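Student: Below is a structure I'd like to ask you about.
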Amino acid sequence: MRVGIVGAGFSGAVIARQLAEAGIASLVMEERGHVAGNCHSERDRATGVMVHLYGPHIFHTDNSRVWDYVNRFAEFVPYVHRVKATVGGRVYSLPVNLHTINQFFGLALSPNEASAFIAARARTDIEVPQSFEEQALRFVGPELYEAFFRGYTEKQWGTDPACLPAAILKRLPLRFNYDDRYFNHRFQAMPRHGYTGLVETILSHPLIEVRTRCRHEEVTERFRHLFYTGPIDRYFHHAHGRLAYRTLDFEAERHRGDWQGIAVMNHPDRDVPFTRITEHKHFAPWEAADLPETIIVREYSRACTPADIPYYPIRLTGEMKMLTDYEARAAAEPGVTFVGRLGTYQYLDMDVTIERALDVADAAIKRLRQAEAVAASA
Ligand code: UDP
């Protein structure tokens, strides 16, 4: 009997590959017409630019197992992600760093001066921030919070930042020097031929069969184990309610030349309806110079309805109770392992997704081998 894997994103692909290399065959069932999940990338016909169809994905990690792993399947080109923000008609450096502080307050502070300046504004009475808003007020103070975080976060999450978990903001660094790299990680790069090419290569193994446009509910084959990377609430027919997600709408425009000079421009202002604009050709600087045209994509966030693609798990307090109910059922579900962003309802970066999938596969291989040994000795 084969193993069944629902979903051909990073989680499903990595598990299938690890099992295949251990001699275990699997069937990967993917609902969409392509693999790679929301990392899917495709060349835009009109401009020739490689586009991340479900929004920008930048590979960054400190985990050398994950880094070595992805490098087995694709050529990665070093790429350091930088983001700017347009606020009130001016452009600022991000993530908030010494340049941002000096630009915003019209000063020329040194690192020590800036650190003292922000400390004087920060709400140091908040000892352990309980929400996104408290985290921001504690570390950057009210002015920078209002300018760079409040509006963006309200648009992105559709919720008052006072109700959102502090963990969301902890993704972003605050620096008192001129380092404007968006991520701190040691390894930062882009797969030369896109994420879909990478995932296709991971899945390319004689012991893996991939079926796209395939709903697993319609597959009658019996499996020795199922790895489920779809939404955990959907698996249980929403018996405890629907876990809330944000979905995204994208609005593309094509132009000549270079439209905004950088891959991502954030727009935190509340009166601008979108959150950011991505100019995908800047994700591939090695080919951008040869492309006379460009495609820019405005990103709008809104509540996810049953008909939409889920992107970001919101994880408000009410949902955490619902999630606990689903987790209890998942743990009791025989022969099924729930994995990945949708399977565990977590805001996971690609490297963490891969790391977890590798761990899940390690444990599963051990279990399946033990079961084989028991069956052989019986
Ligand atoms: N954020 C913000 N202003 C910005 C950029 C980010 O307030 O200019 C907040 C926002 O709540 C966002 C979170 O920080 O959801 C994490 O940002 P990141 O850039 O990591 O989001 P992603 O690229 O994963 O959507």
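Student: Exactly one of these conditions fails for A288: (1) of a type outside the set (V, I, T); (2) at pLDDT below 95; (3) closer than 30 Å to R2 by Cβ; (4) within 25 Å of the chain's Cα centre (by Cα). Give me its number.
Tutor: (3)
Student: Evaluate the following for G9: is it within 18 Å of the chain's Cα centre (by Cα) and over 15 Å from Y69 (Cα atoms)?
Tutor: Considered against the rule, which asks whether it is within 18 Å of the chain's Cα centre (by Cα) and over 15 Å from Y69 (Cα atoms), G9 comes out as yes.
Student: Tally the residues that are closer than 16 Å to A239 by Cα and either part of a helix (DSSP H, G or I) or out of contact with any helix residue (DSSP H, G or I) (no Cβ under 9 Å at 6 or more places or on another chain) (or both), restricting the search to segment 309-343.
Tutor: Qualifying residue count for the region: 16.
Student: Let me ask something additional. Given the condition closer than 17 Å to D179 by Cα, surrounded by 19 or more Cβ atoms within 10 Å (Cβ to Cβ) and either within 15 Å of the ligand (Cβ to nearest atom) or in contact (Cβ under 8 Å) with a residue 60 or more places away in the chain (or both), answer yes or no: does some residue in segment 50-68 qualify?
Tutor: Yes: one or more hits.
Student: When only residues in segment 72-116 that are more than 28 Å from the chain's Cα centre (by Cα) and hydroxyl-bearing (S, T, Y) count, which is surrounded by the most Cβ atoms within 10 Å (Cβ to Cβ)?
Tutor: Applying the filter and picking the extreme gives S115.
Student: Let me ask you something else. Of all residues being of a type in the set (K, R) and within 12 Å of the ligand (Cβ to nearest atom) in segment 148-191, which is least open to solvent (accessible area, probe 1.4 Å)? Just the residue, please.
Tutor: If we take residues in segment 148-191 being of a type in the set (K, R) and within 12 Å of the ligand (Cβ to nearest atom), then K155 is least open to solvent (accessible area, probe 1.4 Å).
Residue-by-condition table, conditions (1) within 13 Å of the ligand (Cβ to nearest atom); (2) in contact with a helix residue (DSSP H, G or I) (Cβ under 7 Å, 6 or more places away or on another chain):
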{"site": "L243", "(1), (2)": "no, yes"}
{"site": "E253", "(1), (2)": "no, no"}
{"site": "E293", "(1), (2)": "no, no"}
{"site": "E299", "(1), (2)": "yes, no"}
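Student: When the residues of segment 209-237 are filtered to those that are part of a loop (DSSP other than H, G, I, E, B) and of a type in the set (V, I, T), which remaining residue is farthest from V3 (Cα to Cα)?
Tutor: Filtering segment 209-237 for residues that are part of a loop (DSSP other than H, G, I, E, B) and of a type in the set (V, I, T), the one farthest from V3 (Cα to Cα) comes out as T212.
Student: Taking the condition of being touching a Lys or Arg at 6+ places or on another chain (Cβ under 9 Å) and β-branched (V, I, T), how many residues in segment 15-28 meet it?
Tutor: 2
Student: How many of the residues making up segment 121-131 are open to solvent by 60 Å² or more (accessible area, probe 1.4 Å) and either polar (S, T, N, Q) or in contact (Cβ under 8 Å) with a residue 12 or more places away in the chain (or both)?
Tutor: Number of matching residues: 4.
Student: So in segment 8-23, with the set limited to residues that are open to solvent by 10 Å² or more (accessible area, probe 1.4 Å) and part of a loop (DSSP other than H, G, I, E, B), which one is nearest to P310 (Cα to Cα)?
Tutor: Result: G9.
Student: Considering only segment 245-264, how many residues are assigned to a loop (DSSP other than H, G, I, E, B) and crowded, with 21+ Cβ neighbours inside 10 Å?
Tutor: The total comes to 1.
The values are calculated or read from the model by the stated rules, or taken from the named source; none is laboratory data. As the structure is a prediction and not an experimental result, all values here were calculated from the model. Because the Cβ atoms are built from the backbone with ideal geometry, glycine has one as well, and the counts that use them run over all protein chains shown. The protein model used for the area step is the full one, side chains on, heavy atoms only, and it has no ligands, DNA or RNA in it. Shrake-Rupley method; radii C 1.70, N 1.55, O 1.52, S 1.80 Å.
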